[in-house]
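Each remark here refers to the structure printed beneath this line.
The values are calculated or read from the model by the stated rules, or taken from the named source; none is laboratory data. Since the structure is predicted, the reported quantities are computational estimates derived from the model, not experimental observations. Note: ideal-geometry Cβ built from the backbone for every residue, glycine included; neighbour counts use all protein chains shown. We work out accessible area using only protein heavy atoms, side chains counted, and drop any ligands, DNA or RNA first. Shrake-Rupley method; radii C 1.70, N 1.55, O 1.52, S 1.80 Å.
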Amino acid sequence: MEHITLLLAIVIVTALVFDFTNGFHDTANAMATTISTGALKPKTAVAMSAVLNLVGAFLSVEVAKTISGGIINENGLRTEVIFAALVGAILWNLLTWLVGLPSSSSHALFGGLIGAAVMSAGWSSVDGGTVVTKVLLPAVAAPFVAGLAALLATRLTYRIGGKIRNDAQEKATAKGYRAGQIASAGLVSLAHGTNDAQKTMGIITLALVTGGVLSPGANPPVWVIVSAGLAIALGTYLGGWRIIRTMGSGLTELKPPQGFAAQTSAATVILASSHLGFSLSTTQSCSGAVMGAGLGRRGGVVRWSTATRMFVAWGLTLPAAGLVGAGAEFLTKQGTWGVVLVAVLLVAGSGAIWVLSRRKPVGQDDVAPGGQDGVSAGGHAEPAGIVTTAIAAVSPPPTAAQAQQDLKTTIPAPAGPVAADPARPATV
């Protein structure tokens, strides 16, 4: 580390700041459904997620290698490009956190990196094939795969649970699902650390390569792995309550069986992609799983206005972060004063967003069960949309007659005739 220059040190610190924002921005991926169903208290949930994020950072380096040696051509890349890319990613993360939208921190990073690299050295500096196969295709496929898996898992769960006939069995089953939710939430947190912490490892490794500290293709040093894991764990512990609120109750109302199905499906998709080196968005995977679980329960409603805002944010993430990254790189190319100006703009922009967030603060009490009373983030209940209505037509909710029949089955009729109540007069 003795060869690290002042500029390189600033880039490393900025990368860890991005990792920190990634932590509190994406805490909702693992813990929103667990908190909303009451399986864990908010602070307990984020503390557990933080520890497992740290552990997950040590499980693999495949995603880090994809970022440090796959997306951008390392030869001739300036360290300032990495700094500009991080500025775009951080500002987009903070902006979407302010409005409570679970956008992709991964795509913010990729967008900033691509925009800054193109501004610095042209389109030839970007490996389009890697971007398509390792970033864009997983981005499109992940929410659909996770959503379909969660929908099918929820249907199967409720089919199995349909055999429950008394209150004791129902309570025991709910307790079991809550325990399953805690375990599956831990798996998602582990997967999040494995996938997302590696993105910062990759970006720091890329900066070290551009600074001549490491040779191209090198694996992240141990100190990079440790620092990235600690940064994302600290951010996770602070809790991104705004996005947790959106994921936990803004998209759909989840019962413990649905939460278990959603988290298990999302964790499976994330861990599989990490093993293959696909740098997919954990946010999109978990959001897709939540929507799939919402549609999997008969009569479940997905709030499509919230989902639509999420889809728009997903589509804007790459180009928006790319434009900011390109603008920041344009300034850094002007020399030292440009780098200083970009740093000042980053601090000022981050401070302004924080001040705006204090006007309507959101804390752990706002995400606990009952905090939203089952309404969307705007404060109004939302009717079922077209997709929900179509699925309900295939698998409609139980009718009143069916519900009464279930009630008769659960509560047996008295064995003998019931005598009339002498104290109550007859009515006509």
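Let's see how each residue does on (1) among the basic types (Lys, Arg); (2) within 24 Å of residue 147 (Cβ to Cβ); (3) open to solvent by 10 Å² or more (accessible area, probe 1.4 Å):
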| position | (1), (2), (3) |
| --- | --- |
| 189 | no, yes, no |
| 196 | no, yes, no |
| 228 | no, no, no |
| 231 | no, no, yes |
| 235 | no, no, no |
| 238 | no, no, yes |
| 242 | yes, yes, yes |
| 247 | no, yes, no |
| 252 | no, yes, no |
Condition met for residue 72 (of a type in the set (Val, Ile, Thr) and at pLDDT below 85): yes
Can you name the residue in segment 71-129 that is free of Cβ contacts under 8 Å to residues at least 40 places away in the same chain and of a type in the set (Gly, Ala, Ser) and is also least open to solvent (accessible area, probe 1.4 Å) among such residues? 122
In segment 75-132, which helices (runs of 4 or more DSSP H) lie fully inside it and hold 1 or more residues that are more than 26 Å from the chain's Cα centre (by Cα), hydrophobic (A, V, I, L, M, F, W, C) and closer than 23 Å to residue 17 by Cα? 79-98, 105-121
Residue in segment 277-293 that is most open to solvent (accessible area, probe 1.4 Å), counting only those that are among the hydrophobic types (A, V, I, L, M, F, W, C) and farther than 12 Å from residue 258 by Cβ: 278
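Residues checked against (1) modelled with pLDDT under 85; (2) in contact with a Leu (Cβ under 8 Å, 6 or more places away or on another chain):
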position	(1), (2)
270	yes, yes
275	yes, no
305	yes, no
329	no, no
Please state which one of 331, 345 is among the hydrophobic types (A, V, I, L, M, F, W, C) and surrounded by fewer than 18 Cβ atoms within 10 Å (Cβ to Cβ). 345
Flagged in segment 1-60 as surrounded by fewer than 17 Cβ atoms within 10 Å (Cβ to Cβ) and at pLDDT below 80, in numbering order, are 1, 2, 3, 4, 38
Would it be correct to say that residue 137 is modelled with pLDDT of 80 or more and either among the charged types (D, E, K, R) or open to solvent by less than 80 Å² (accessible area, probe 1.4 Å) (or both)? no
Condition check: within 15 Å of the chain's Cα centre (by Cα), modelled with pLDDT of 80 or more and farther than 28 Å from residue 113 by Cα. Does residue 263 satisfy that? yes
So, in segment 294-309, exactly how many residues are open to solvent by 10 Å² or more (accessible area, probe 1.4 Å) and of a type in the set (A, V, I, L, M)? 2
Number of positions in segment 338-366 that are at pLDDT 90 or above and farther than 22 Å from residue 323 by Cβ: 2
Determine which member of the set 92, 97 is out of contact with any strand residue (DSSP E or B) (no Cβ under 9 Å at 6 or more places or on another chain), modelled with pLDDT of 90 or more and not β-branched (Val, Ile, Thr). 92
So if I check each of 236, 210, which one is touching a residue at least 60 places away in the same chain (Cβ under 8 Å) and in contact with a His (Cβ under 9 Å, 6 or more places away or on another chain)? 236
Answer with yes or no whether residue 215 is in a helix (DSSP H, G or I) and either in contact with a helix residue (DSSP H, G or I) (Cβ under 8 Å, 6 or more places away or on another chain) or at positive phi (or both). no
Determine if segment 179-197 includes at least one residue that is touching a helix residue (DSSP H, G or I) at 6+ places or on another chain (Cβ under 6 Å), at pLDDT 75 or above and farther than 30 Å from residue 295 by Cα. yes
